[in-house]
Amino acid sequence: MVEWPNKVEESILNEILQFIEYLKKNHLNEKEWEFVPAYNSLTLICKDTVLDFDYLKPKLKEWYGIKGEVAPATRFQWRLPVFYDLEFGLDLEEISGQLGLSVERIVELHSHSIYTVYGIGFLPGFMYLGGVPKALEVPRKSAPRPKVLKGSVGLAGKQTGIYPQDSPGGWNLIGKCPVPMFNVKKDNPCFVNVGDKIQFYPISKAEYQLHQIEAEVGIYNIEKIVLDA
């Protein structure tokens with residue numbers, strides 16, 4: 001694991017992503033290495049041979065010092081629909097009272113912000129999204145739920161995210177997204193990458209049900225735009 005300063009900053013994330021591109025193009029073959037970026041760290045996993053730490057550590061320092069400016073991989077901004085409703089947003093009323101905001105204002109703030117994907121983990125396809133407005137910062141629940149439904153959208157501290165599978169979870173639930181975040185049957189099971197952006201938009205129950213069917217049969221088209229390098 002290679003670590004940067006212990007801060008949540010997009011500039012640090014960009015440095016990590018640029019270093020990954022440099023390593024892929026010049027020193028570490030993607031077929032032999034896995035790269036796992038998150039917030040202020042990069043985990044390097046050697047797939048085929050025993051990792052020679054004593055050799056690799058000074059080399060990584062050397063390579064980082066000479067990498068210069070490297071164009072990161074293409075990144076996207078994805079627009080994802082959310083049905084914000086008490087049926088799925090089980091904690092909307094509770095956090096409305098905690099934050100002193102109406103449910104409508106919570107939905108407005110959450111869906112008007114653009115979030116950065118700082119990490120993917122915990123569950124396959126679980127995105128840790130930074131950029132939550134200060135007014136929406138609420139601590140995770142003191143007692144996690146034994147089961148949170150797939151697609152549930154949650155808030156915890158400075159982060160928001162979507163549960164990609166049914167699982168235990170302690171985030172505050174505010175809605176549900178009909179778009180699957182992880183599909184093991186696809187060549188690229190998770191369409192989102194660290195460094196991408198996410199924006200949510202509110203939909204009705206009828207739209208949620210329609211998009212859910214479209215996603216199940218594989219005809220739902222996720223909105224995206226290419227971000228400038």
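Considered as a group, the residues in the range 69-119 that are modelled with pLDDT of 95 or more and among the polar types (S, T, N, Q) include one that is surrounded by the most Cβ atoms within 10 Å (Cβ to Cβ), and that residue is 116.
Being over 30 Å from residue 14 (Cβ atoms) and among the aliphatic types (A, V, I, L, M) is the filter here, so list the residues in the range 185-229 that pass it. Selection gives 203, 206, 210, 213, 215, 217, 219. Of the residues making up the range 162-182, those that are within 23 Å of residue 76 (Cα to Cα), aliphatic (A, V, I, L, M) and in contact (Cβ under 8 Å) with a residue 60 or more places away in the chain are 162, 179. Just to verify a result, which residue in the range 1-31, among those that are farther than 23 Å from residue 159 by Cβ and not in a helix (DSSP H, G or I), is farthest from the chain's Cα centre (by Cα)? Filtering the range 1-31 for residues that are farther than 23 Å from residue 159 by Cβ and not in a helix (DSSP H, G or I), the one farthest from the chain's Cα centre (by Cα) comes out as 27.
The residue that is farthest from residue 75 (Cα to Cα), counting only those in the range 183-199 that are buried (at least 19 other Cβ atoms within 10 Å of the Cβ) and not basic (Lys, Arg), is 198.
Checked against the criterion of being more than 21 Å from residue 34 (Cα to Cα), assigned by TED's automatic domain parsing to the domain that holds residue 80 and modelled with pLDDT under 95, the candidates 180, 168, 124, 164 yield just one match: 180. Restricting attention to the range 1-30, report how many residues are over 23 Å from residue 128 (Cβ atoms) and either hydrophobic (A, V, I, L, M, F, W, C) or touching a Ser or Thr at 6+ places or on another chain (Cβ under 8 Å) (or both). Result for the range 1-30: 1. Determine if the range 43-58 includes at least one residue that is under 22 Å from the mean Cα position of the chain (by Cα), within 30 Å of residue 203 (Cα to Cα), at pLDDT 90 or above and not in a loop (DSSP other than H, G, I, E, B). No, the range 43-58 contains no residue that is under 22 Å from the mean Cα position of the chain (by Cα), within 30 Å of residue 203 (Cα to Cα), at pLDDT 90 or above and not in a loop (DSSP other than H, G, I, E, B). Only residues that are surrounded by 13 or more Cβ atoms within 10 Å (Cβ to Cβ) and outside any strand (DSSP E or B) were counted in the range 140-167, giving 11.
The values are calculated or read from the model by the stated rules, or taken from the named source; none is laboratory data. What you see is a predicted model, and the numbers here were worked out from it, not measured in a lab. As a convention, Cβ positions derive from the backbone with ideal geometry for all residues, glycine included, and neighbour counts pool all protein chains shown.
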